[in-house]
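Notes for the one structure printed next.
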Amino acid sequence: MQRPAVSLIGVPTDIGAGHRGASMGPEALRVAQIDQRLARMGLDVRDRGNLHGPFNPWQPPHAGYRHLPEVAEWNRAVHEAVHAELREGRLPVMLGGDHCLAIGSISAAARHCRERGKKLRVLWLDAHADSNTSTITPSGNIHGMPVACLCGNGPAELTGIGGRTPAVAPEVFRQIGIRSVDEGEKRLVREAGLVIYDMRHIDEVGMRRTMEEALDGVDADTHLHVSFDVDFLDPSIAPGVGTTVRGGPTYRESQLCMEMIADTGRLASLDIVELNPAFDKRNQTAKLAVDLVESLFGKSTLIR
Ligand SMILES: [Mn+2]
């Protein structure tokens with residue numbers, strides 16, 4: 001199988017989050033040697049450095065959103081950077097940063113798919129559904145809204161990034177590991193028809209069957225985007241996130257999830273988000289994220 005050429009794009013901001021610190025995520029992943037670890041697997045890895053954007057002004061919500069102009073500015077930068085890498089035939093890895101940045105990266109993957117006639121599938125690995133809107137959000141933090149915005153349910157500054165509204169249809173998403181959904185959000189995800197494999201589903205049928213279902217229909221024409229929110233993982237192994245929710249996938253379940261994605265050979269873009277070194281211990285969560293990303297790129301115990 002041809003090894004992809006990988007571009008690392010640091011996006012050092014916590015502009016959409018409810019706690020400060022995800023802005024340090026890109027550097028923590030570099031300290032955990034994400035570039036060397038992928039290069040050692042034989043991948044052509046280039047670190048493009050960090051994108052730049054406005055500082056976090058740490059203001060209360062305005063009309064249901066916190067920091068909307070700043071979130072839009074960061075996401076426009078992410079969109080252009082991710083799209084440029086895809087156009088060059090490279091696999092962009094967005095080192096977040098908080099999860100609002102997936103608006104920029106996934107709208108870029110969607111635009112690339114339109115240009116190349118590919119089908120998009122997004123695996124959203126997360127404890128949360130991230131499908132809030134300004135009217136139901138308890139906090140106004142936009143990292144709780146990217147899925148809704150990508151599906152066209154949000155402010156024009158965000159839904160229009162990438163030139164097409166909505167950027168994607170809800171059918172492209174498969175959400176995995178979900179265990180915290182706000183009250184109003186439950187109704188919204190049901191109305192949108194989002195496919196959600198919550199922790200109860202994983203408990204009942206196991207990670208293997210869950211991933212078979214989530215990857216069903218992925219074929220040679222599919223662009224597979226993985227949006228990996230580190231809070232997907234159980235907090236006992238991954239304390240370095242702002243919004244821990246207990247009862248997440250174990251180390252082995254997470255490895256299997258990543259390995260089964262790698263087996264498809266269709267991974268084409270990746271977000272690593274919500275890593276928050278301010279909550280971490282000795283960078284263990286960054287190291288774990290890098291271990292899992294190695295598996296996502298095909299590292300396995302045996303020749304399979
Ligand atoms: Mn998230």
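Calculate the dipole size of the range 5-296 relative to its Cα centre from +1 charges on Lys and Arg beta carbons and -1 charges on Asp and Glu beta carbons; express the result in debye to the nearest 20.
300
Hand me the chymotrypsin sites (Phe, Trp or Tyr not before Pro) from the range 1-78 located in a DSSP loop with no more than 11 other Cβ atoms within 10 Å, in residue order please.
Hits after loop and neighbour filter: F55, W58.
Say the dipole of the chain comes from +1 at the beta carbon of Lys and Arg and -1 at that of Asp and Glu; which of L86, H225, G53 then lies farthest toward its positive end?
Going by the Cα projections, it comes out as L86.
Of T133, S300, T250, which is farthest towards the positive pole of the chain's charge dipole, taken about the Cα centre with +1 and -1 on the beta-carbons of Lys, Arg and Asp, Glu respectively?
S300
Rank-order 156-168, 132-144 by packing density, defined as the average count of other C-beta atoms within 10 Å over each peptide's residues, highest first.
My ranking of the peptides, most packed first, is 132-144, 156-168.
Given the -39500 (n - 2.57) contribution per DSSP H run of 4+ residues, what per-residue ellipticity at 222 nm results for the chain, rounded to the nearest 500 deg cm²/dmol?
-11000 deg cm²/dmol, from helical runs alone.
Would you mind working out the magnitude of the charge dipole of the range 1-154 relative to its Cα centre, with +1 at each Lys and Arg C-beta and -1 at each Asp and Glu C-beta, to the nearest 20 Debye?
580
Starting from the Cα of K287, draw a straight line to each of the lysines and keep only those under 16 Å, dropping any in the same chain fewer than 8 residues away.
Here the lysines satisfying the reach criterion relative to K287 are K299.
Out of S236, L8, L68, whose Cα points farthest toward the positive end of the dipole of the range 5-296 (charges: +1 Lys, Arg; -1 Asp, Glu; placed on Cβ)?
L8
May I ask you to derive the relative contact order of the range 190-255, considering only C-alpha pairs under 8 Å and at least 6 residues apart, and to give it as an integer percent?
25
Taking the radius of gyration and the Kirkwood hydrodynamic radius from Cα positions alone, what is the Rg/Rh ratio for the chain, to two decimal places?
0.92
Within a Cβ distance under 12 Å of L158, other residues only, what is the Lys/Arg minus Asp/Glu net charge?
It works out to a net charge of -2.
Distance between Cα centroids, the range 121-151 to the range 39-95: provide it in whole Å.
Value for the Cα centre distance between the two parts: 17 Å.
If one computes the Cα centroid of the range 279-299 and of the range 4-33, what distance in Å separates the two points?
13
Under a Cβ-Cβ cut-off of 9 Å, what is the net charge of the residues other than A22 that fall near it, where Lys and Arg count +1 and Asp and Glu count -1?
Taking every other residue near A22 into account, the sum is -2.
How much net charge surrounds G42 when only other residues with a Cβ under 13 Å from its Cβ are counted (Lys, Arg +1; Asp, Glu -1)?
My count for the surroundings of G42 gives +2.
What ranking, highest mean first, results for peptides 200-209, 280-289, 245-254 when packing means the other Cβ atoms within 10 Å averaged over each residue?
Descending packing order for the listed peptides: 280-289, 245-254, 200-209.
Hey, what did the chain get for relative contact order, percent, Cα under 8 Å, at least 6 apart?
22
Rounded to the nearest 20 Debye, what is the dipole magnitude of the range 165-304 about its Cα centre when Lys and Arg each give +1 and Asp and Glu each give -1 at the C-beta?
Value, rounded to 20: 420 debye.
Using a 10 Å cut-off on Cβ atoms, rank the peptides 111-117, 15-21 from the highest mean neighbour count down.
In decreasing order of mean packing, 111-117, 15-21 become 15-21, 111-117.
Each reported figure results from applying straightforward, stated rules to the coordinates on display, with no laboratory input. The structure presented is a predicted model; accordingly, all values stated were derived computationally and were not measured. Virtual Cβ from ideal backbone geometry, glycine too; neighbours counted across all protein chains shown.
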